[in-house]
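Undergrad: Input: one structure, supplied below.
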Amino acid sequence: MTSPAHAAKIIDGKAFAEALRGRIGAHVTRLGRQHGLVPGLAVVLVGEDPASQVYVRSKGRQAEACGIRSIDHRLAADTTEADLLALVEQLNQDPAIHGILVQLPLPPQIDPARVINAIAPDKDVDGFHVINAGRLATGQRTGPEAATVPCTPLGALMLLRDRLGDLIGRDALVLGRSNIVGRPMAQLLIQESCTVTVAHSKTQDLAAKCRAADILVAAVGRPELVRGDWIKPGATVIDVGINRISAPTPEKPDGTRLVGDVAFAEAIEIAGAITPVPGGIGPMTIACLLANSLTAACRQNGLAPPQL
Ligand code: NAD
């Protein structure tokens, strides 16, 4: 049972994402009625990775529920890089497709950077293209040339703003420096006028650095690495990690469960607010993909994207 004091600290990403999808759906309906425009999202999956298959199915289902047309391209695991690049080019040229997502990881014969950078930057709804990374790094967040921001850090920022209002002057620590989460998260927080520290696998005395943070974003992929006593009392904690660990029970000796990068039961005693795993950042990631797809469809048709 969650006590009322604990419940008040939980940042409910699932509920926030559901409301966001509702707003996206309403805008998509209006776009269809007023402009005859249906946003189109192409999702490309190469190979049979089971986790990727689950993500792709879930993305497609949620897109359709918002009125976004989702088109899956499933390619064999032995697809060549040239064939994948040819598909990306065909999608770049297709006016009915506004967003292109190539699900990572790709099989070893394909260079992911080459494929991502072949996507037209305005259709790069994951925000991984170097042009979008560059736009974000230079603070280009508005106008027709605005960066498309990677979905997971965008979702994290939405939850932080919702909980804290403006973030100006806060000390933020981003744990992890990947191109998908850590780096773009740090860029967004710099733009919000936080004082940002980026920690990683070579950081010395990680616990002390975490203890100085008003905002702690953990994106490492190490189960429960961040302990309760690493957290500054009252801090806001965003746990991006998704780790499956063994959790045997008498009924299910091979049972597993999902945990984050933060030891949740310890952290909730100290933090001011925290995202749970599951039900925190995960649902926000897909909702932000849909938001990016809607924004891309508007921009490609000379329309102002909605404020979501
Ligand atoms: P990654 O492996 O690309 O990067 C991990 C980062 O953590 C690296 O920068 C590394 O330096 C750092 N790191 C590793 N071990 C460390 C340690 N012991 N101490 C300090 N830093 C350490 O991972 P990623 O793609 O950024 O993903 C991170 C986690 O977030 C994973 O669990 C992943 O599953 C999860 N994730 C969740 C979502 C979501 O939608 N919720 C989206 C993307 C990633």
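Undergrad: Mind listing whichever residues of the stretch 200-215 are surrounded by 19 or more Cβ atoms within 10 Å (Cβ to Cβ) and either under 19 Å from the mean Cα position of the chain (by Cα) or in a helix (DSSP H, G or I) (or both)?
TA: Cys210, Ile215, listed by residue number.
Undergrad: I'd like to check something: does the stretch 39-54 contain any residue that is more than 20 Å from the chain's Cα centre (by Cα) and without any contact (Cβ under 8 Å) to a residue 12 or more places away in the chain?
TA: The answer is no, given that none of the residues of the stretch 39-54 is more than 20 Å from the chain's Cα centre (by Cα) and without any contact (Cβ under 8 Å) to a residue 12 or more places away in the chain.
Undergrad: Would you mention how many residues in the stretch 86-101 are open to solvent by 10 Å² or more (accessible area, probe 1.4 Å) and either within 13 Å of His73 (Cα to Cα) or modelled with pLDDT under 95 (or both)?
TA: Total meeting the criteria: 3.
Undergrad: Scan the stretch 248-259 and give yes if some residue there is assigned to a helix (DSSP H, G or I), open to solvent by 30 Å² or more (accessible area, probe 1.4 Å), within 16 Å of the ligand (Cβ to nearest atom) and within 23 Å of Leu154 (Cβ to Cβ), otherwise no.
TA: The answer is no, given that none of the residues of the stretch 248-259 is assigned to a helix (DSSP H, G or I), open to solvent by 30 Å² or more (accessible area, probe 1.4 Å), within 16 Å of the ligand (Cβ to nearest atom) and within 23 Å of Leu154 (Cβ to Cβ).
Undergrad: Which condition number does Ala76 fail, the rest of (1) surrounded by 13 or more Cβ atoms within 10 Å (Cβ to Cβ); (2) assigned by TED's automatic domain parsing to the domain that holds Leu101 being met?
TA: Only one criterion is unmet by Ala76, namely (1).
Undergrad: I'd like the full set of residues that are within 9 Å of the ligand (Cβ to nearest atom) and either charged (D, E, K, R) or buried (at least 18 other Cβ atoms within 10 Å of the Cβ) (or both), limited to the stretch 157-184.
TA: Leu175, Gly176, Arg177, Ile180, Val181, Gly182, Arg183
Undergrad: Which of the following residues is on the phi > 0 side of the Ramachandran plot and of a type in the set (Ser, Thr, Tyr): Ser178, Ser193?
TA: The unique qualifying residue is Ser193.
Undergrad: Sort through Ala82, Ala113, Ala65, Ala51 and tell me the only one that's open to solvent by 20 Å² or more (accessible area, probe 1.4 Å), out of contact with any strand residue (DSSP E or B) (no Cβ under 9 Å at 6 or more places or on another chain), small (Gly, Ala, Ser) and modelled with pLDDT under 95.
TA: Ala51
The values are calculated or read from the model by the stated rules, or taken from the named source; none is laboratory data. Since the model is a prediction, treat every value here as computed from it, not as a measurement. Glycine also receives a Cβ, built like all others from the backbone with ideal geometry; neighbour counts cover every protein chain displayed. Just the protein is used for accessible areas: all its heavy atoms, side chains included, with ligands, DNA and RNA removed. Shrake-Rupley method; radii C 1.70, N 1.55, O 1.52, S 1.80 Å.
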